[in-house]
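Report on one structure; see the data block that follows.
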Amino acid sequence: MRWGLLIPGVIALLIGGVWFFQGVGMLLGSPMTSQPFWAVAGGVLFIVGIALSVTGLRRKPPVK
């Protein structure tokens with residue numbers, strides 16, 4: 001189940017990063033630009049992505 005946590009964790013990291021940078025106004029060209037809600041939501045999703053990724057990396061593969 002290692003990949004089952006690692007893949008969603010990396011996806012959450014990427015999406016959270018984009019949302020955060022759009023929310024703080026560093027990525028332009030979206031209705032989300034410079035909206036504090038997206039900065040907060042992106043930061044929370046980024047932290048969730050870190051937790052999932054670390055858990056996926058630390059979990060031992062199943063014994064065959």
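Take residue 33 and tell me if it is touching a residue at least 12 places away in the same chain (Cβ under 8 Å), surrounded by 11 or more Cβ atoms within 10 Å (Cβ to Cβ) and among the hydroxyl-bearing types (Ser, Thr, Tyr).
Working: touching a residue at least 12 places away in the same chain (Cβ under 8 Å): no; surrounded by 11 or more Cβ atoms within 10 Å (Cβ to Cβ): yes; among the hydroxyl-bearing types (Ser, Thr, Tyr): yes.
So residue 33 does not fit the description; no.
Which residue out of 13, 5 is of a type in the set (A, V, I, L, M, F, W, C), modelled with pLDDT of 95 or more and surrounded by 14 or more Cβ atoms within 10 Å (Cβ to Cβ)?
On the way: 5 fails: modelled with pLDDT of 95 or more.
Exactly one of 13, 5 is of a type in the set (A, V, I, L, M, F, W, C), modelled with pLDDT of 95 or more and surrounded by 14 or more Cβ atoms within 10 Å (Cβ to Cβ), namely 13.
Residue by residue through the stretch 1-52, note down the ones that are touching a helix residue (DSSP H, G or I) at 6+ places or on another chain (Cβ under 7 Å), aliphatic (A, V, I, L, M) and in a loop (DSSP other than H, G, I, E, B).
If the condition is that a residue be touching a helix residue (DSSP H, G or I) at 6+ places or on another chain (Cβ under 7 Å), aliphatic (A, V, I, L, M) and in a loop (DSSP other than H, G, I, E, B), then 24, 27, 32 are the ones that fit.
Give me the pairs: first residue in the stretch 5-20 and farther than 12 Å from residue 44 by Cα, second residue of a type outside the set (A, V, I, L, M) and surrounded by fewer than 17 Cβ atoms within 10 Å (Cβ to Cβ), beta-carbon distance under 8 Å, and six or more apart or on different chains, which are they?
Here the result reads 5/55; 5/59; 9/55, each pair linking the stretch 5-20 to a residue that is of a type outside the set (A, V, I, L, M) and surrounded by fewer than 17 Cβ atoms within 10 Å (Cβ to Cβ).
Taking the criterion of being β-branched (Val, Ile, Thr) and within 30 Å of residue 64 (Cα to Cα), would at least one residue in the stretch 20-28 satisfy it?
Restricting attention to the stretch 20-28, the residues satisfying the condition of being β-branched (Val, Ile, Thr) are 24.
If we keep only those that are within 30 Å of residue 64 (Cα to Cα) too, we end up with none.
No, there is no match, as no residue in the stretch 20-28 is β-branched (Val, Ile, Thr) and within 30 Å of residue 64 (Cα to Cα).
Considering the stretch 53-64 alone, what residues qualify as being without any contact (Cβ under 8 Å) to a residue 40 or more places away in the chain and either aromatic (Phe, Trp, Tyr) or not in a loop (DSSP other than H, G, I, E, B) (or both)?
58
Among the hydrophobic types (A, V, I, L, M, F, W, C) and surrounded by fewer than 17 Cβ atoms within 10 Å (Cβ to Cβ): does that describe residue 57?
Values: among the hydrophobic types (A, V, I, L, M, F, W, C): yes; surrounded by fewer than 17 Cβ atoms within 10 Å (Cβ to Cβ): yes.
When the stated conditions are applied, residue 57 passes them.
The values are calculated or read from the model by the stated rules, or taken from the named source; none is laboratory data. As the structure is a prediction and not an experimental result, all values here were calculated from the model. Positions of Cβ are generated from backbone atoms using ideal geometry, with glycine treated the same way; all protein chains shown enter the neighbour counts.
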